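*Asks:* So that we are looking at the same thing, I have put the structure below in C-alpha coordinates.
The values are calculated or read from the model by the stated rules, or taken from the named source; none is laboratory data. A quick note: this is a predicted structure, and the numbers were derived from the prediction, not measured. In this analysis, Cβ positions are derived from the backbone assuming ideal geometry, glycine residues included, and neighbour counts consider all displayed protein chains.
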Amino acid sequence: MKKTKEQPDSAACGCGVEETSDKKAAGVDPQIKTSNLKRLRRIEGQIRGIQKMVEEDRYCADIMIQVSAAQEALRTVGRELMRNHLSHCALQAISKGSPEEARAMHDELIELIYKHSR
(Lines give C-alpha, C1' and ligand atoms only; values in the text may rest on other atoms or scores of the structure.)
Protein backbone atom coordinates (compact mmCIF):
# COMPACT_ATOMS: atom_id res chain seq x y z
CA MET A 1 0.00 0.00 0.00
CA LYS A 2 1.44 3.34 -1.05
CA LYS A 3 1.85 5.83 1.83
CA THR A 4 0.35 9.26 1.31
CA LYS A 5 -0.19 12.28 3.51
CA GLU A 6 -3.77 11.10 4.08
CA GLN A 7 -2.62 7.59 5.03
CA PRO A 8 0.29 7.90 7.45
CA ASP A 9 2.14 4.89 8.83
CA SER A 10 0.62 5.50 12.26
CA ALA A 11 -2.08 7.76 13.56
CA ALA A 12 -0.94 11.05 14.99
CA CYS A 13 -3.42 10.59 17.80
CA GLY A 14 -2.05 7.29 19.00
CA CYS A 15 -5.18 5.53 17.82
CA GLY A 16 -4.68 2.02 16.56
CA VAL A 17 -3.99 1.67 12.87
CA GLU A 18 -4.00 -1.86 11.57
CA GLU A 19 -2.38 -2.70 8.27
CA THR A 20 -5.70 -3.69 6.73
CA SER A 21 -7.94 -0.96 8.17
CA ASP A 22 -8.29 2.78 8.58
CA LYS A 23 -7.62 4.76 11.74
CA LYS A 24 -9.84 4.03 14.72
CA ALA A 25 -10.72 6.34 17.60
CA ALA A 26 -8.73 5.81 20.80
CA GLY A 27 -11.89 6.04 22.85
CA VAL A 28 -15.52 6.67 22.06
CA ASP A 29 -18.08 7.42 24.74
CA PRO A 30 -20.95 4.98 24.02
CA GLN A 31 -23.57 7.62 24.94
CA ILE A 32 -22.06 10.15 22.54
CA LYS A 33 -21.86 7.52 19.81
CA THR A 34 -25.52 6.57 20.31
CA SER A 35 -26.55 10.22 20.36
CA ASN A 36 -24.58 10.98 17.18
CA LEU A 37 -26.06 7.98 15.38
CA LYS A 38 -29.61 9.04 16.35
CA ARG A 39 -28.91 12.57 15.20
CA LEU A 40 -27.43 11.35 11.90
CA ARG A 41 -30.49 9.18 11.24
CA ARG A 42 -32.69 12.20 11.92
CA ILE A 43 -30.56 14.28 9.53
CA GLU A 44 -30.89 11.57 6.92
CA GLY A 45 -34.68 11.89 7.23
CA GLN A 46 -34.42 15.68 7.02
CA ILE A 47 -32.41 15.39 3.81
CA ARG A 48 -35.00 13.05 2.28
CA GLY A 49 -37.68 15.57 3.31
CA ILE A 50 -35.76 18.40 1.65
CA GLN A 51 -35.39 16.31 -1.49
CA LYS A 52 -39.15 15.73 -1.54
CA MET A 53 -39.77 19.46 -1.03
CA VAL A 54 -37.60 20.24 -4.06
CA GLU A 55 -39.34 17.56 -6.13
CA GLU A 56 -42.72 19.09 -5.20
CA ASP A 57 -41.57 22.63 -6.05
CA ARG A 58 -42.21 23.84 -2.52
CA TYR A 59 -41.60 27.46 -1.58
CA CYS A 60 -37.86 28.23 -1.72
CA ALA A 61 -37.74 29.98 1.65
CA ASP A 62 -39.30 26.93 3.35
CA ILE A 63 -36.69 24.66 1.75
CA MET A 64 -33.88 26.99 2.79
CA ILE A 65 -35.08 26.89 6.41
CA GLN A 66 -34.94 23.10 6.33
CA VAL A 67 -31.47 23.17 4.75
CA SER A 68 -30.28 25.46 7.57
CA ALA A 69 -31.74 23.11 10.18
CA ALA A 70 -29.94 20.13 8.61
CA GLN A 71 -26.67 22.07 8.47
CA GLU A 72 -26.94 23.00 12.14
CA ALA A 73 -27.63 19.38 13.05
CA LEU A 74 -24.50 18.32 11.14
CA ARG A 75 -22.48 21.02 12.92
CA THR A 76 -23.72 19.59 16.23
CA VAL A 77 -22.45 16.13 15.26
CA GLY A 78 -19.14 17.71 14.22
CA ARG A 79 -18.79 19.48 17.58
CA GLU A 80 -19.42 16.22 19.44
CA LEU A 81 -16.85 14.42 17.30
CA MET A 82 -14.34 17.21 17.88
CA ARG A 83 -14.98 17.05 21.63
CA ASN A 84 -14.39 13.28 21.61
CA HIS A 85 -11.26 13.63 19.47
CA LEU A 86 -9.82 16.25 21.80
CA SER A 87 -10.61 14.37 25.00
CA HIS A 88 -9.33 11.00 23.81
CA CYS A 89 -7.14 10.92 20.72
CA ALA A 90 -5.49 14.33 21.02
CA LEU A 91 -5.01 14.13 24.77
CA GLN A 92 -3.34 10.74 24.43
CA ALA A 93 -1.01 11.86 21.63
CA ILE A 94 -0.01 15.07 23.37
CA SER A 95 0.43 13.70 26.89
CA LYS A 96 1.85 10.24 26.17
CA GLY A 97 3.22 10.47 22.65
CA SER A 98 6.64 11.44 21.42
CA PRO A 99 7.39 15.08 20.58
CA GLU A 100 6.86 14.17 16.91
CA GLU A 101 3.44 12.64 17.66
CA ALA A 102 2.46 15.69 19.72
CA ARG A 103 3.51 18.00 16.86
CA ALA A 104 1.61 15.87 14.33
CA MET A 105 -1.48 16.05 16.53
CA HIS A 106 -1.11 19.80 16.86
CA ASP A 107 -0.94 20.12 13.08
CA GLU A 108 -3.93 17.81 12.65
CA LEU A 109 -5.98 19.84 15.16
CA ILE A 110 -5.15 23.11 13.42
CA GLU A 111 -6.29 21.62 10.09
CA LEU A 112 -9.50 20.28 11.67
CA ILE A 113 -10.29 23.63 13.25
CA TYR A 114 -9.77 25.46 9.93
CA LYS A 115 -11.91 22.98 8.00
CA HIS A 116 -14.61 22.72 10.67
CA SER A 117 -14.97 26.48 11.13
CA ARG A 118 -15.98 27.17 7.51
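*Asks:* Is there a residue in segment 56-71 that is part of a helix (DSSP H, G or I), within 16 Å of the chain's Cα centre (by Cα) and not basic (K, R)?
*Replies:* For segment 56-71, residues part of a helix (DSSP H, G or I), within 16 Å of the chain's Cα centre (by Cα) and not basic (K, R): present.
*Asks:* Which pairs turn up if I take residues in segment 44-59 that are in contact (Cβ under 8 Å) with a residue 24 or more places away in the chain and look for partners that are surrounded by 11 or more Cβ atoms within 10 Å (Cβ to Cβ) with beta carbon separation below 6 Å, at least 6 apart in sequence or on another chain?
*Replies:* So the pair list comes out as Q46/A70.
*Asks:* Then there's this: With respect to Q46, determine if the residue is surrounded by 10 or more Cβ atoms within 10 Å (Cβ to Cβ), more than 21 Å from the chain's Cα centre (by Cα) and modelled with pLDDT of 90 or more.
*Replies:* Against the criterion (surrounded by 10 or more Cβ atoms within 10 Å (Cβ to Cβ), more than 21 Å from the chain's Cα centre (by Cα) and modelled with pLDDT of 90 or more), Q46 does not qualify.
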